[in-house]
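Here the structure is laid out as structure tokens; the discussion comes afterwards.
Quick note: the coordinates plus some simple rules give every number you see, no bench work behind them. Keep in mind that this is a model prediction, so the values were computed, not measured. When we count neighbours, we look across all protein chains shown, and the Cβ atoms used for this are built from the backbone with ideal geometry, even at glycine.
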Amino acid sequence: MRPLTHTRRIALMLTAGATALAGLTLIPGSATAAEVPVGNGGYSDERPAGTVGPLDSAGNPVTPQLTDAVADQPVPTNDWWTSLVFKRYADIPHSQPMYGHPLSYRAVASGLEVGYQTQPNVDGAYYNFPHQADLTLGVAGLDSPDTKADGWSDWTVTPYWEDAGHTFRATIGHGSPYVYAEGTGGNAEITTAGSVEVFADEGSTLGITVNGRDYALFAPSGSGWNVSGTTISSDLGGEEYYSVAVLPDQGALDLYAQYAYSFVTGSVVDWDYDESAGQVSATYTLETEAREGDETGTIQALYPHQWEYATDELTDYEYVSPRGVMRVRDGNSFTTRQDVTGVLPALPQSDGVDQAQLATFVNEVAADAEIGFGDTYWSGKQFGRLAQVVPIADQIGETEARDTLLAAMKAGFEEWFTVGGPAEFSYDSDWKTLTGYPASYGSDQELNDHHFHYSYFVFAAATIASYDPAWAEESAWGGMVEELIADAANPARDDDRYPFLRGFDVYAGHSWAAGHQGFEAGNNQESSSESVNLSAGLIMWGEATGDTELRDLGVYLLTTESESIRQYWFDGDEENFPADYQHNTVGMVWSNGASHSTWWTGNPEEIHGINVLPVTGASLHLARDKDAIIRNLEELVEENGGPPVEWKEILWEFQALADPAAARAAYDGDGGGTYEPEAGESWAHVYHWIYTLDAIGAPDTSVTADSPTAAAFSDGTTTTYAAHNYGDTEQTVTFSDGTSLTVPPGSSASTTG
């Protein structure tokens, strides 16, 4: 189904409106700032004194660059095209390169540059398909001082140019080989970046080759094109529209001409979680309008993570992209269908752990259970660290430690969710975003990483909700959790306070981290695993609070991004990285390629580990491709000249998803439990993870279930089935091999069938 407006968002909007009518609560020390109450907590409508919001690179405040038609709409900041709205550099008022694939684009004063790069640059740790303009689309005489966004949908956007005598707008999108152009004030004008070879001249349709790439230009019927050197123009027969398409080969001209006047006006993804089948489907639809005739079809190019699971017929045409081969669909829509790998609050109880040793580790965490308030990221990691230990403490009967951990987490949340203390959240009405202060890593100035930071908050809040539902009520502290969810992953398209899915790119299949997309390489994402952490948090929060809309959103996001990670970070099929690229895993995916690196270090351990942490019961999806895990770690050892030194415990946990015995041997042989682990980890969790998987075997992701919080494990001879029931009545979980497991309310259970 298409996700509906989230009812809790409506309730919170009404609460904020009632507050405005009744009179705002002034924050001490501020003459203008006001607290917006949300349940027992709230956020400020202004930033704390001495802090900043979005800035350009020179330190000047920036606001979204939108036309009047969309000026009041929440803009999805972290996307493939958001340099259109967030002008990171004052001397670049148009855009950075934007990579839609197969085409790349850049807005310039004279219109829209368009290119199709088919040859990668490979340089050590990096590979990229840089933007290279083949054509610049516009109208004659256009010299716009800037470019703004005039509209957008789930994966398309419409840039807009205007000067004293001209206007120009172009609709572009992921997977679309077309650009749909409209202009006034002059003839259509296309400038080429090289000599023009005409291979077809059929009046209103012109086939050309520029820089070795084949394009088709479509003017309204009855008009034609004039080629003069590197300038191609048309009076459009008095009309104001034309389209351009990049062709997979010249033989595709007739097919592409069929849809030349079927202009895309929007794009929508609809997802459906079939709980009983353990599968999620997603339908990707382009909305169109016939500018002439009655044809409303179109063409789409699918990424590997889409076409491998597509249920619709595809053509034999293909494109090159930084993600591998894109395959062509003749039609307005296509549907993918994938098995769902479940999440668990903790691995199941087993006889593989030493209860006394585990209890010691658990109580060590409880003895130092306190949330600091440095910033949203590092506070978040502290929330995550404690949340991972809570169900382990419960599992082994250490209830006092469990309750200590829960109390520390509640206290931390309540401080963050109360305005005026050392930490708080502030809503920016210009950018329609909620930012936590203290901020870090550009979460304030660049709108970066909200999905990373808030993933830990949501995951930890779901843990509290499973033990104390009253705390998670909207009228208590759950309302503020929902605010964080709405900022990072709003399921509603018609919310006027937060954009739909701020950072998740539904067509690319993963999130983007940069809020401004202010790079020549486009946007980027480093820690895909922290993005998955948010999706898992949505599943668990939705289950714990009975919100199936958020749960199903989490299932769709996690399942989709899991395959993107396998394909584009780990090259699971060994087909998507360039043939001469010497790495089998990357630390960062960029719009135009990827890099075997991180933002802060070149150490192999961090490069290989940044897309693993935090290790939780949501990390089971990585076991879908055990061979990729093994290749990943073999390369790490080769690069490092031996076993890992940094983040050893994270990498052992990763290894345990494919080879638990080897992970336990590494833990036992290299001082596991004797040094300070990574900041978001604890020995209680590491020990429990490694020794449990050694006892029950690695995740068996070929076995699915009719619950999103269930999983199977196999040691080669015995299968262990585990599930968690967040509800208040007994639940029977059925696995795809026919095994059934009865789970008491509010509990975990497991069986060997």
- Query: Counting pairs of alpha carbon atoms under 8 Å apart in space and at least six apart in sequence, what relative contact order in percent does the range 650-753 give?
  - Reply: 19 percent
- Per DSSP, the loop-located GluC sites (Glu not before Pro) within the range 370-471 having at most 16 other beta carbons within 10 Å are Glu370
- Among the listed pairs Lys87/Lys648; Lys381/Lys432; Lys148/Lys381, which are separated by more than 30 Å between their Cα atoms? Lys87/Lys648; Lys148/Lys381
- Query: If you count, for each residue, the other Cβ atoms within 10 Å and average over each peptide, how do 647-654, 150-157, 425-432 line up from highest to lowest?
  - Reply: 647-654, 150-157, 425-432
- Message: What FRET efficiency comes out for Glu646 versus Thr729 if R0 is 56 angstrom and r is the Cβ-Cβ distance? Round to the nearest 0.05.
- Response: 0.75
- Query: Pairing the Cα long axis of helix 355-367 with the longest principal axis of the chain, what angle in degrees results, from 0 to 90 and rounded to the nearest 10?
  - Reply: 70 degrees
- Message: Going by amide H atoms built from the backbone, whose H comes under 5 Å of the H on Val139, apart from near neighbours?
- Response: Glu189
- Taking only C-alpha pairs under 8 Å that are 6+ residues apart, what is the relative contact order of the range 91-339 in percent? 14 percent
- How large is the convex hull of the Cα atoms of the chain per residue, expressed in Å³ as a whole number? 154 Å³
- Once both axes come from the Cα atoms, what is the angle between helix 528-545 and the longest principal axis of the chain, in degrees from 0 to 90, rounded to 10? 60 degrees
- How compact and how long is the range 700-753, expressed as Rg and Dmax of its alpha-carbon atoms in Å? 10.5, 35
- Take each of the peptides 102-109, 139-146, average the number of other beta-carbon atoms within 10 Å over its residues, and list them starting from the highest. 102-109, 139-146
- Rounded to the nearest 500, what is the 222 nm mean residue ellipticity of the chain from helices alone, with -39500 (n - 2.57) per DSSP H run of 4+ residues and division by all residues? -8000 deg cm²/dmol
- Task: Apply the Kirkwood formula to the range 664-730: the hydrodynamic radius equals the inverse of the mean of 1/r over all pairs of different alpha-carbon atoms; give it in Å with one decimal.
- Result: 14.0 Å
- In what order do Thr285, Thr336 fall by count of nearby beta-carbon atoms within 10 Å, going from fewest to most? Thr285, Thr336
- Between the range 561-597 and the range 710-753, what is the C-alpha centre distance in whole Å? 34 Å
- Message: Order 731-738, 581-588, 705-712 from most to least packed using the mean count of other Cβ atoms within 10 Å.
- Response: 705-712, 581-588, 731-738
- Task: Evaluate the relative contact order of the range 121-237 (contact order divided by residue number), counting alpha-carbon pairs under 8 angstrom at least 6 apart; express in whole percent.
- Result: 19 percent
- Message: Compute, for the range 91-339, the length of the dipole vector about the Cα centre, with Cβ point charges of +1 (Lys, Arg) and -1 (Asp, Glu) only. Units Debye, rounded to 20.
- Response: 560 debye
- Task: Return the long-range amide H neighbours of Ala698 (sequence gap of 5 or more, or a different chain), with a cut-off of under 5 Å between placed amide H atoms.
- Result: Ser714
- Scan around Asp505 for amide H atoms under 5 Å from its own, H built in the peptide plane at 1.01 Å from N, and keep only partners 5 or more places away or cross-chain. His510, Ser511, Trp512
- Message: Debye calculation, C-alpha points only, no solvent: report log10 I(q)/I(0) for the range 264-411 at q = 0.13, 0.15, 0.16, 0.19 Å⁻¹, in the same order as the q values.
- Response: -0.78, -0.84, -0.88, -1.06
- Computed over the Cα atoms, what is the radius of gyration of the range 91-339 divided by 2.2 N^0.38 Å, N being its residue count? 1.01
- Task: Starting from the Cα gyration tensor of the range 452-581, take the square roots of the eigenvalues, sort them a ≥ b ≥ c, and report rounded, prolate or oblate (rounded when a/c is under 1.5, otherwise prolate if a/b is larger than b/c, else oblate).
- Result: prolate
